[in-house]
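Visitor: There's a structure below that I have some questions on.
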Amino acid sequence: IPSRFGRHPAGLTCDGQRRTSEEYEGFLQDLLNGVELKGRLTRHLLAEGDWDMFMQVFTESHCVGHQCWHLHDPTHPAHDPLVRKKVGDPLLRVYQAIDRALGEILEGSGDTFVLVFSAHSMSHWYGTQFLLRDILVRLGVAREPNGGRTDGPEHGWLQGTSPPMAGFRWVWRKLPDGVRRNLGPLRDRLREPKKKGTGLPTIDVDLSSSRCFPVPNGLSVGGIRLNLMGREPTGALDPVDADQFCEDLSNDLLAIREPGTDRALVKAVRRTSDLYSGRYLDHLPDLLVEWDDTVPVGSAGLGTGAGSVVRACSEKIGTVEGQNEYGRSGEHRPDGFFVAAGPRITQGRLERRVGLIDLAPTLCHRLGVALPGCTGARIPELLGP
């Protein structure tokens with residue numbers, strides 16, 4: 001396939017620093033060319049054999065949602081009307097290209113059963129995961145290392161936490177938008193991490209005196225692991241006290257607000273054991289922190305950095321402030337969609353919601369393949385009369 005069709009123009013990852021209309025247009029052209037290339041590849045492979053099932057994934061819709069939501073959404077703090085005017089709506093352009101590619105693929109499909117679906121949807125990036133560690137320290141349930149926070153591998157000089165670096169960031173936020181826009185590329189170069197270190201995540205708390213600690217779990221839902229005696233190497237929390245500890249910590253997290261408003265920054269705190277079971281449950285975080293998703297959060301790496309500074313306050317933590325350095329402006333949402341057509345599929349719209357896990361048993365049933373132990377349910381409307 002690579003020798004015949006080449007590699008995807010956008011490369012292995014679509015993450016990157018982009019500020020100018022030329023940079024975004026180049027990125028979009030790579031995605032659009034990738035859609036066209038993937039369409040040709042799909043048609044070629046479909047014509048080669050008698051397939052029982054064929055699946056293709058247009059990841060370009062995923063990439064453009066993560067990287068360009070702020071250009072699509074005029075309410076996003078990083079929205080740049082000048083860039084938007086030059087490049088148009090990036091999401092619309094990519095989605096239209098995928099729609100054209102699907103049409104070309106289906107031209108010769110005859111009465112084949114076809115299913116088009118998206119596992120999730122997209123909206124603005126949100127949350128304050130980058131403050132979770134400091135919040136736990138302020139609540140007294142985690143303690144900083146003796147030498148202060150480490151933040152993993154060495155970072156560029158504009159990413160430090162010392163008073164001079166905090167001062168630089170304060171001055172940056174006070175500069176006019178036009179000045180920040182012009183100085184953005186220079187700041188990006190100064191912020192680049194040094195190439196030392198392993199890149200492995202660090203816990204960044206003193207485990208010998210912390211009753212819990214944050215663990216990587218994505219950015220929209222934070223993970224907290226209890227430092228249980230008998231389970232963790234330097235456990236500091238008696239398992240007998242775990243239930244009460246979780247209840248108290250959950251209440252403290254739910255009490256955190258955005259200063260000046262009554263908006264809760266934490267939507268829910270859930271016990272992982274209430275949601276999942278199995279022999280590997282102990283490998284997961286014990287608590288899941290669902291951040292409020294109603295307000296978009298900007299990024300220091302997008303546009304002028306507007307909306308990237310977030311403050312959290314409560315009676316117990318006082319005020320905690322931090323800046324989001326994560327470069328994506330779009331983030332997943334749970335709701336997806338599907339469209340199906342083919343023999344014995346009647347026209348209409350489902351009046352109920354179905355789960356993503358229902359697709360596997362449905363497709364397996366159509367193929368005559370057993371799927372024992374599956375928790376999903378077949379979708380009768382996709383099986384025909």
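Visitor: Out of G322, G376, which single residue is assigned to a loop (DSSP other than H, G, I, E, B), modelled with pLDDT of 90 or more and either outside the structural domain of T13 (by TED's automatic domain parsing) or farther than 30 Å from R133 by Cβ (or both)?
Guide: After applying the criteria, what remains is G376.
Visitor: Just to check your reading of the model, which residue among S273, S210 is more than 27 Å from G318 (Cβ to Cβ) and modelled with pLDDT of 95 or more? Working first, answer last.
Guide: Values: S210 fails: more than 27 Å from G318 (Cβ to Cβ).
Only one candidate qualifies: S273.
Visitor: Further question: Name the residue that is farthest from L288 (Cα to Cα), counting only residues in the range 250-272 that are of a type outside the set (D, E, K, R) and assigned to a strand (DSSP E or B).
Guide: In this case the residue turns out to be A264.
Visitor: Another question, then. If I ask for residues that are within 19 Å of the chain's Cα centre (by Cα) and not in a loop (DSSP other than H, G, I, E, B), which ones from the range 288-319 would you list?
Guide: L288, V289, E290, W291, V309, V310
Table: residues versus (1) touching a Phe, Trp or Tyr at 6+ places or on another chain (Cβ under 9 Å); (2) more than 29 Å from R133 (Cβ to Cβ).
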site: G298; (1), (2): yes, no
site: G327; (1), (2): no, no
site: G342; (1), (2): yes, yes
site: A360; (1), (2): no, yes
site: L367; (1), (2): no, yes
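Visitor: Another question, then. Scan L45, L37, L41 and give me the residue that is in a helix (DSSP H, G or I), free of Cβ contacts under 8 Å to residues at least 60 places away in the same chain, more than 14 Å from A97 (Cβ to Cβ) and touching a helix residue (DSSP H, G or I) at 6+ places or on another chain (Cβ under 7 Å).
Guide: L41
Visitor: What's the number of the only condition in (1) without any contact (Cβ under 8 Å) to a residue 24 or more places away in the chain; (2) touching a Pro at 6+ places or on another chain (Cβ under 9 Å); (3) more than 24 Å from W125 (Cβ to Cβ) that P216 fails to meet?
Guide: If we test P216 against (1) without any contact (Cβ under 8 Å) to a residue 24 or more places away in the chain; (2) touching a Pro at 6+ places or on another chain (Cβ under 9 Å); (3) more than 24 Å from W125 (Cβ to Cβ), just (3) comes out false.
Visitor: Also, I was wondering about something else. Does P343 fit the bill of being under 30 Å from G103 (Cβ atoms) and touching a residue at least 60 places away in the same chain (Cβ under 8 Å)?
Guide: Values: under 30 Å from G103 (Cβ atoms): yes; touching a residue at least 60 places away in the same chain (Cβ under 8 Å): yes.
Yes.
Visitor: Please find, within the range 1-34, the residue that is farthest from the chain's Cα centre (by Cα) out of those that are outside any loop (DSSP other than H, G, I, E, B) and aliphatic (A, V, I, L, M).
Guide: Kept after step one, since they are outside any loop (DSSP other than H, G, I, E, B), are these residues of the range 1-34: 2-5, 21-34.
Those still in the list that are aliphatic (A, V, I, L, M) too: 28, 31-32.
Working: L28: 20, L31: 19, L32: 22 Å.
The extreme case among them is L32.
Visitor: Right, something else. Mind listing just one residue for me: the one in the range 2-29 that is surrounded by fewer than 16 Cβ atoms within 10 Å (Cβ to Cβ) and in contact with a His (Cβ under 9 Å, 6 or more places away or on another chain) and, of those, nearest to D99 (Cα to Cα)?
Guide: Here the answer is F5.
Visitor: Hey, another quick one. For R263, state whether it is modelled with pLDDT of 95 or more, in contact with a strand residue (DSSP E or B) (Cβ under 8 Å, 6 or more places away or on another chain), exposed (fewer than 14 other Cβ atoms within 10 Å of the Cβ) and of a type in the set (K, R).
Guide: yes
Visitor: Something else about it: Which condition number in (1) assigned to a loop (DSSP other than H, G, I, E, B); (2) touching a residue at least 60 places away in the same chain (Cβ under 8 Å); (3) exposed (fewer than 11 other Cβ atoms within 10 Å of the Cβ) is the one that R353 fails?
Guide: Single failed check for R353: (2).
The values are calculated or read from the model by the stated rules, or taken from the named source; none is laboratory data. If you're wondering where the values come from, they're calculated on a predicted model, not measured in any experiment. Cβ coordinates were reconstructed from backbone atoms using ideal geometry, including for glycine residues, and neighbour counts include every protein chain displayed.
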